[in-house]
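Taking it in order: structure first as structure tokens, then the write-up.
The values are calculated or read from the model by the stated rules, or taken from the named source; none is laboratory data. Computed from a predicted structure; not experimentally measured. Reconstructed Cβ throughout: ideal geometry from the backbone, glycine too, with neighbour counts over all protein chains shown.
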Amino acid sequence: MAPNTRGVLGMMTAQPSPRRDPWRFAWQIATSDVALAIVALALSLYLLLLTLIPQIPSSPLASDPWLAQVQARFGAATSTLYRAGLFSLTHTPLPRLILSAAAFLLLARTIENAATLKQAYGPRRASPDNRQRQETILAIIFHTSLLLLLVGMLVSSLCGWRAEGVIGHVGETLSVPGHDQVALTENSTRSAQPGVTIYLTGDGPEFEITASDAAGTPLGLQQTTQEPARSTLTIDLSPESPEAYFAVPEAGLVGRILLTGSNTSSASTEARLQVFHAPTGELAAETMLEGETQQLVLDGTQLQVRRSSYLVLDIVHDPGRWLQGAGLVLGAVSLLATLAVPRPRPARWRRAEVLLRVLLALLTLAAPALALSGLVASGRLGGPTDERTGLMAAAWLATLALGLIIYRPGHTPEGGEP
């Protein structure tokens, strides 16, 4: 047979290359280390931005102090950052998209690892690879724990609520807008309502004012002309409201209490009382409010100011916090166990891998510890150490992404032993 005829027949009998299954290809991408590394880097960048750039508060009352702090910190760059939307990242779909992508990838990897474990190390295999099986089991536990953390955050977002900066006193019943009433116990700041946790975030000075004439008859006091006069007036001062006025209409006096100490967020801060004649505005008397009770007599009118304190509380109903705590603990333990499993490597990879393992292990110990302490102390991941927790979590996610790219369980760089 002629050579050209044989070539034509060979082309006629050649089998067409099989088409790649698009669903299988998409599944391989979803379960790849690179996809999870990209999502981890995106979440790391998001947390870093949240830590470095303060977000617009949800309460309108806190907007003015926030704006003043932001302008003092960023100066001329404030308007540019505002137009870029960097002050309102938490109010965009971005965090939900990143967390949804992370949850999908973790679920896909968990399913893939479980299927691999069942197929490769089932009863049909006589001598399974114990090291690889251990790594696969630990990977399943780690991915499941992160899913548990995300589910806990979702449950908290959908079923929980949080009221911050509530002013109250031990033993009283507080009215939380939109969440009925919460009763405090007599002996502590614990809630008498099941499922509600109360966190003490601070305190502040409270002043109870009474007035009487020369005969001892109580006089009425007002803070505004629209409200009725009362025999006892209670004033709470805070860093947002460091001063308050009151009037004794029958005596023609106007009083002013203002905080003068450097730490205006403490119940023990210094305070001053000024009294003016009405309507001239002439200063009649001025004194520091020291001790528990202070008395001042002006033209037969006796003012008595009794000082006490109020509590600043965060009232939280968070049904998902136990899932979050379990996910943090289980994830840290499983990742540390994975890092402890020895793997043979070529000499040129060994030093870099050891450094990466040590760094990831230290961050795995620090980041969940800070998050757990915030969950216990304030009912949220981070709490009073939000900035440190955000930076630590961002560094942990970035290092984890680097580890997913460089060091992959079940994968050995060229020249190494499996």
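Among the hydroxyl-bearing types (Ser, Thr, Tyr) and either modelled with pLDDT of 90 or more or crowded, with 17+ Cβ neighbours inside 10 Å (or both): which single residue out of SER231, SER266, SER262 fits that description?
One residue alone meets the criteria, SER231.
Which residues, taken from segment 219-228, are surrounded by fewer than 14 Cβ atoms within 10 Å (Cβ to Cβ) and not hydroxyl-bearing (Ser, Thr, Tyr)?
GLN226, GLU227, PRO228
Identify the residue in segment 114-158 that is over 19 Å from ALA103 (Cα atoms) and among the hydrophobic types (A, V, I, L, M, F, W, C) and, among all such residues, is modelled with the lowest pLDDT.
The extreme case among them is ALA126.
If the Cβ limit is 9 Å and pairs must be 6+ apart or interchain, which residue in segment 287-305 that is in the same structural domain as ASP213 (by TED's automatic domain parsing) and surrounded by 11 or more Cβ atoms within 10 Å (Cβ to Cβ) pairs with which residue that is assigned to a strand (DSSP E or B) and among the aromatic types (Phe, Trp, Tyr)?
LEU289/PHE207; VAL305/PHE207
Does any residue in segment 205-234 that is in the same structural domain as GLN294 (by TED's automatic domain parsing) come within less than 6 Å, Cβ to Cβ, of a residue that is among the aromatic types (Phe, Trp, Tyr) six or more places away or on a different chain, and which pairs are these?
So the pair list comes out as GLU206/TYR310; LEU221/PHE246; GLN223/PHE246; LEU233/PHE246.
Within the group ALA271, ALA278, ALA251, ALA284, which residue is in the same structural domain as GLU206 (by TED's automatic domain parsing) and under 30 Å from GLY202 (Cβ atoms)?
Only one candidate qualifies: ALA271.
I'm trying to understand the selection: among the residues of segment 269-282, which are among the polar types (S, T, N, Q) and modelled with pLDDT under 90?
Answer for segment 269-282, where residues must be among the polar types (S, T, N, Q) and modelled with pLDDT under 90: THR269, THR280.
Could you list, in sequence order, all residues of segment 152-175 that are of a type in the set (Val, Ile, Thr) and crowded, with 17+ Cβ neighbours inside 10 Å?
Scanning segment 152-175 gives VAL155, VAL166.
Could you figure out which of (1) in a loop (DSSP other than H, G, I, E, B); (2) out of contact with any strand residue (DSSP E or B) (no Cβ under 7 Å at 6 or more places or on another chain) isn't true of VAL297?
Only one criterion in (1) in a loop (DSSP other than H, G, I, E, B); (2) out of contact with any strand residue (DSSP E or B) (no Cβ under 7 Å at 6 or more places or on another chain) is unmet by VAL297, namely (1).
Which residues, counting only those in segment 376-397, are hydrophobic (A, V, I, L, M, F, W, C) and either surrounded by fewer than 21 Cβ atoms within 10 Å (Cβ to Cβ) or modelled with pLDDT under 85 (or both)?
VAL376, ALA377, LEU381, LEU391, ALA395
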